[in-house]
């Protein structure tokens, strides 16, 4: 990244500061295959995991440069470990197949449980990324 770093987040709604919905990027959702899923639940879980992973990757790759400009309350290894956890969750969400029920489709994994699992990893990062807005 030439000329400096910028970690951006696209959501500003205060309600998103309370859970990992903060990481949902509707623009990225379209381009990162989010439209490939038949149910809203699978779409959102995969897109949130993918977007969060991208922000953590940026933070990890430019850790030293960012650290020169501001305090980072997470160690690089902690960020890398959390990237692994988010990546595993994304694979888990993607691997669960949507099922046809009548004329509709259902995602058999509990959406709230998926959000809870993402929150366990990602909530601590929201204040840090919010400062970048």
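Within the stretch 25-52, residues that are at positive phi and crowded, with 16+ Cβ neighbours inside 10 Å reach no partner that is modelled with pLDDT under 90 and in a helix (DSSP H, G or I) with beta carbons closer than 7 Å at six or more positions or on different chains.
Answer yes or no: is there a residue in the stretch 66-75 that is without any contact (Cβ under 8 Å) to a residue 60 or more places away in the chain and either buried (at least 20 other Cβ atoms within 10 Å of the Cβ) or in a helix (DSSP H, G or I) (or both). Quick ask: steps written out before the conclusion?
Kept after step one, since they are without any contact (Cβ under 8 Å) to a residue 60 or more places away in the chain, are these residues of the stretch 66-75: 67-68, 71-75.
Right, trim to either buried (at least 20 other Cβ atoms within 10 Å of the Cβ) or in a helix (DSSP H, G or I) (or both) and you get 67-68.
Among the residues of the stretch 66-75, at least one is without any contact (Cβ under 8 Å) to a residue 60 or more places away in the chain and either buried (at least 20 other Cβ atoms within 10 Å of the Cβ) or in a helix (DSSP H, G or I) (or both), which makes the answer yes.
Per-residue answers, yes or no, for (1) touching a strand residue (DSSP E or B) at 6+ places or on another chain (Cβ under 6 Å); (2) within 21 Å of residue 26 (Cα to Cα):
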| position | (1), (2) |
| --- | --- |
| 47 | no, yes |
| 76 | no, no |
| 84 | no, no |
| 87 | no, yes |
| 96 | no, no |
| 99 | yes, no |
| 107 | no, yes |
| 111 | no, yes |
| 116 | no, yes |
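Please go through the stretch 108-133 and pick out each residue that is modelled with pLDDT under 95, surrounded by 13 or more Cβ atoms within 10 Å (Cβ to Cβ) and not in a helix (DSSP H, G or I). Once the filter is applied, which keeps residues that are modelled with pLDDT under 95, surrounded by 13 or more Cβ atoms within 10 Å (Cβ to Cβ) and not in a helix (DSSP H, G or I), the stretch 108-133 yields only 132.
The values are calculated or read from the model by the stated rules, or taken from the named source; none is laboratory data. On a predicted model such as this, the values are computed, not experimentally measured, just so you know. Here the Cβ is made from the backbone with ideal geometry for all residues, glycine too, and neighbour counts use every protein chain on show.
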